[in-house]
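**Q** Mind having a look at this structure? Questions to follow.
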Amino acid sequence: MTNELSRRSLFQAAGGITLLSLVPEAFGESSQPRPSGSAPLPVFSALPYLQPGPHGSRLVEGEESIVVAWQTDATPARYELTYGPAGTENVATISTTPRGKEGRRFTEFRLNYVATLEGLSLDTRYRYRLSMDAKPFAEGWFTTRKGRGKKVRFVAFGDNSYGSMSDRAIAYHAYKARPDFVMNVGDTVYYEGRDGEFGRYFFPVYNATEAEPRIGAPLMRSVPVYTVLGNHDVESHSGGLRGADFDKYSDALGYFTNFNLPMNGPATPCPVPLSGEAKRLDEFKNAAQDRHPRMANYSFDYGDGHFLCLDSNVYVDPTDPALQQWIEEDLRTATAPWKFVVLHHAPFNIGIEHGDEQHMRALSPLFESLGIDMVLSGHEHNYQRTRPLRFSPTDLTGAKAVGKGTRLVPGRFTVDRNFDGVRNTKPDGIVYLTTGAGGHDLYNLEMNDRPESWKREWDGNVEYTAVMKTDRHSLTVFEMDARRLELRQIDEWGREIDRVVFAK
Ligand SMILES: [Fe+2]
């Protein structure tokens, strides 16, 4: 078996794309000189990757969608994407949007392609074939979302694309877990969430051509990646309120131009503040289209889980009535046995770095009344799992203090100290998980496995933390069916460092 064949075998086993050898020069890698006068070929800044697409937040047979996206430099080409059980039955509609034309360098200009495949069945494997200038150059496959009653595996991690070796190891172990999808908890790309940073730190690692701990893995071409807005996904400075300044970074807010997530969120509450010259703002809005600002908040079902994904940045007021109304409507109509909230700023964490950014805990009573089981977060660059807890705020002044770095929300805690996830698997309260050890430098090494240090005066020294691992990068692997949820925390060397089971 040749190396090329064995690489194809790996992709076929795991799902994803195979780059056909018919036109290797499509990637700008040919050693053969091209004939003079022939048209230049595009250089790919992102090879084809999967996204959940705008539709289908609820699981409806025949209404599934998936997006196959890719990005090139400004060199145009004609693309066709066919798909179906055999790969050629249907032709997808492809949209093209320019990005970076108003940038300061010509190399920032790229073309973003999105093929939206709609009307698909649940839990079904499809093949697709992508041609460029009438020559097939990539073929792949994906599996649509699983419906109720199917066992689902997903991975969660955040605070990741930083350019470190640990990013790559976490990507590798995420891929090795064979997940159905990835749930990133924000700070997806450092430091400013710019398109150029996606090109340097994100796509080469999470959409790598090979699976190897020092390289990354072909994760994004195998399964959809969901994510939420972290501070570094929007961060440039605009007066006192952090938002996106397009005069400073014309390629800011890559979240809205690189991802294609469900579009069932509210349009207006607490949008990302934008500033900059009109031509740069227009260029961004044209590339993002209706994804901005709507895609900042959304929800989706997968198997027996419902996931509510929220923007938690400094400009967000969690007491905003319109935001709370949408959250309530979404969770009230969610019928999945397990309900998760995903937001970047951990509402309960005892880290030194970000423990005072507590504004999102203002939503805890709403989450408790609407049956949330777990809140997944990052921001703190380590792993923390709380005991199941209930929380009643006594002063919401800090929650409303939009734009402030410290937003303390005091209140009364009720902590379930009986749940251990082994013998007692029925929690009384919500478990708050911080899984922000996805690649960036770790915080609070001195607190690793030292429970005596896991309390804060501003939280009345309540001992709500069950586990804290700060000495290594890690990711969370979930196995879920209607009655049982297993959580395993895996470190960057593939070792299990926490395991707990929840039962319905
Ligand atoms: Fe963060």
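**Q** Residues to consider are Thr470, Thr434; find the one that is modelled with pLDDT of 95 or more, within 17 Å of His345 (Cα to Cα) and β-branched (Val, Ile, Thr). Before you say what the answer is, go through the steps one by one.
**A** Details: Thr470 fails: within 17 Å of His345 (Cα to Cα).
After ruling out the rest, the residue left standing is Thr434.
**Q** Still on this model: Report yes if Tyr443 is touching a strand residue (DSSP E or B) at 6+ places or on another chain (Cβ under 7 Å), closer than 18 Å to Gly351 by Cα and in contact (Cβ under 8 Å) with a residue 60 or more places away in the chain, otherwise no. Even if it seems obvious, please write down each step before you answer.
**A** Details: touching a strand residue (DSSP E or B) at 6+ places or on another chain (Cβ under 7 Å): no; closer than 18 Å to Gly351 by Cα: yes; in contact (Cβ under 8 Å) with a residue 60 or more places away in the chain: yes.
In short, no.
**Q** Let me ask you something else. Determine whether segment 284-293 contains at least one residue that is assigned to a loop (DSSP other than H, G, I, E, B), within 30 Å of Glu108 (Cβ to Cβ) and within 16 Å of the ligand (Cβ to nearest atom).
**A** Taking segment 284-293 and keeping what is assigned to a loop (DSSP other than H, G, I, E, B), we get 289-290.
Narrowing further to those that are within 30 Å of Glu108 (Cβ to Cβ): 289-290.
Those left that are additionally within 16 Å of the ligand (Cβ to nearest atom): none.
No, every residue in segment 284-293 fails to be assigned to a loop (DSSP other than H, G, I, E, B), within 30 Å of Glu108 (Cβ to Cβ) and within 16 Å of the ligand (Cβ to nearest atom).
**Q** Still on this structure, please answer the following. Does Asp317 qualify as being touching a Cys at 6+ places or on another chain (Cβ under 8 Å), over 20 Å from Leu485 (Cβ atoms) and assigned by TED's automatic domain parsing to the domain that holds Leu253? Talk me through it step by step, then tell me what you get.
**A** Details: touching a Cys at 6+ places or on another chain (Cβ under 8 Å): yes; over 20 Å from Leu485 (Cβ atoms): yes; assigned by TED's automatic domain parsing to the domain that holds Leu253: yes.
Yes.
**Q** Does segment 180-190 hold any residues that are away from the ligand (no atom under 16 Å from the Cβ) and outside any strand (DSSP E or B), and which are they?
**A** Of everything in segment 180-190, just one residue is away from the ligand (no atom under 16 Å from the Cβ) and outside any strand (DSSP E or B), namely Asp180.
**Q** Go through Val91, Val67 for me and flag whichever is in contact (Cβ under 8 Å) with a residue 60 or more places away in the chain and among the β-branched types (Val, Ile, Thr).
**A** When all the criteria are applied, what remains is Val67.
**Q** Turning to a different aspect of this structure: Identify, from the list Ala177, Ala171, the residue that is crowded, with 18+ Cβ neighbours inside 10 Å, over 15 Å from the mean Cα position of the chain (by Cα) and away from the ligand (no atom under 16 Å from the Cβ). Don't jump to the end; show me each part of the working.
**A** Working: Ala171 fails: over 15 Å from the mean Cα position of the chain (by Cα).
One residue alone meets the criteria, Ala177.
**Q** Next question, about the same structure. Got a sec? Which strands (runs of 3 or more DSSP E) wholly within segment 323-424 have at least 1 residues that are within 15 Å of the ligand (Cβ to nearest atom)? Can you show your working first?
**A** Values: elements: 338-345, 374-378, 383-386, 389-393, 411-415.
Answer list for segment 323-424: 338-345, 374-378, 383-386.
**Q** Suppose we filter Gly199, Gly193 for residues that are under 16 Å from Asn258 (Cβ atoms) and away from the ligand (no atom under 16 Å from the Cβ); which single one remains?
**A** Details: Gly193 fails: away from the ligand (no atom under 16 Å from the Cβ).
So the residue among Gly199, Gly193 that is under 16 Å from Asn258 (Cβ atoms) and away from the ligand (no atom under 16 Å from the Cβ) is Gly199.
**Q** Within 16 Å of the ligand (Cβ to nearest atom), in contact (Cβ under 8 Å) with a residue 40 or more places away in the chain and assigned to a helix (DSSP H, G or I): does that describe His232? Working first, answer last.
**A** On the way: within 16 Å of the ligand (Cβ to nearest atom): yes; in contact (Cβ under 8 Å) with a residue 40 or more places away in the chain: yes; assigned to a helix (DSSP H, G or I): yes.
Answer is yes for this residue.
**Q** Based on what the data block shows, is Arg242 in the same structural domain as Ala296 (by TED's automatic domain parsing), part of a strand (DSSP E or B) and among the charged types (D, E, K, R)? Steps first, answer last, please.
**A** On the way: in the same structural domain as Ala296 (by TED's automatic domain parsing): yes; part of a strand (DSSP E or B): yes; among the charged types (D, E, K, R): yes.
In short, yes.
**Q** Being over 26 Å from Thr116 (Cβ atoms), in contact with a strand residue (DSSP E or B) (Cβ under 8 Å, 6 or more places away or on another chain) and either of a type in the set (Ser, Thr, Tyr) or in the same structural domain as Glu235 (by TED's automatic domain parsing) (or both) is the requirement here; does Gly158 meet it? Outline the logic, then answer.
**A** Details: over 26 Å from Thr116 (Cβ atoms): yes; in contact with a strand residue (DSSP E or B) (Cβ under 8 Å, 6 or more places away or on another chain): yes; either of a type in the set (Ser, Thr, Tyr) or in the same structural domain as Glu235 (by TED's automatic domain parsing) (or both): yes.
Yes, satisfied.
**Q** Then there is this: Could you check how many residues of segment 245-265 are touching a Leu at 6+ places or on another chain (Cβ under 7 Å) and assigned to a loop (DSSP other than H, G, I, E, B)?
**A** Pass one, segment 245-265, residues touching a Leu at 6+ places or on another chain (Cβ under 7 Å): 246, 255.
Narrowing the set further to residues that are assigned to a loop (DSSP other than H, G, I, E, B) leaves 246.
Of the residues in segment 245-265, 1 are touching a Leu at 6+ places or on another chain (Cβ under 7 Å) and assigned to a loop (DSSP other than H, G, I, E, B).
**Q** Identify, please: which residue in segment 137-168 is within 16 Å of the ligand (Cβ to nearest atom) and surrounded by 23 or more Cβ atoms within 10 Å (Cβ to Cβ) and is, among those, nearest to Tyr79 (Cα to Cα)?
**A** Ser161
**Q** Test Gly405 against the stated conditions and say whether it is surrounded by fewer than 20 Cβ atoms within 10 Å (Cβ to Cβ), closer than 25 Å to Phe367 by Cβ and modelled with pLDDT under 95. It would help to see each step written out before you state the result.
**A** Values: surrounded by fewer than 20 Cβ atoms within 10 Å (Cβ to Cβ): yes; closer than 25 Å to Phe367 by Cβ: yes; modelled with pLDDT under 95: yes.
Answer is yes for this residue.
**Q** Name the one entry in Ser364, Ser392, Ser369 that is surrounded by 21 or more Cβ atoms within 10 Å (Cβ to Cβ) and of a type outside the set (A, V, I, L, M, F, W, C).
**A** Values: Ser392 fails: surrounded by 21 or more Cβ atoms within 10 Å (Cβ to Cβ); Ser369 fails: surrounded by 21 or more Cβ atoms within 10 Å (Cβ to Cβ).
Matching residue, one of Ser364, Ser392, Ser369: Ser364.
The values are calculated or read from the model by the stated rules, or taken from the named source; none is laboratory data. Everything numeric here is computed off the predicted structure, so don't read it as measured data. Every residue, glycine as well, gets a Cβ built from its backbone with ideal geometry; the counts of neighbours run over all protein chains shown.
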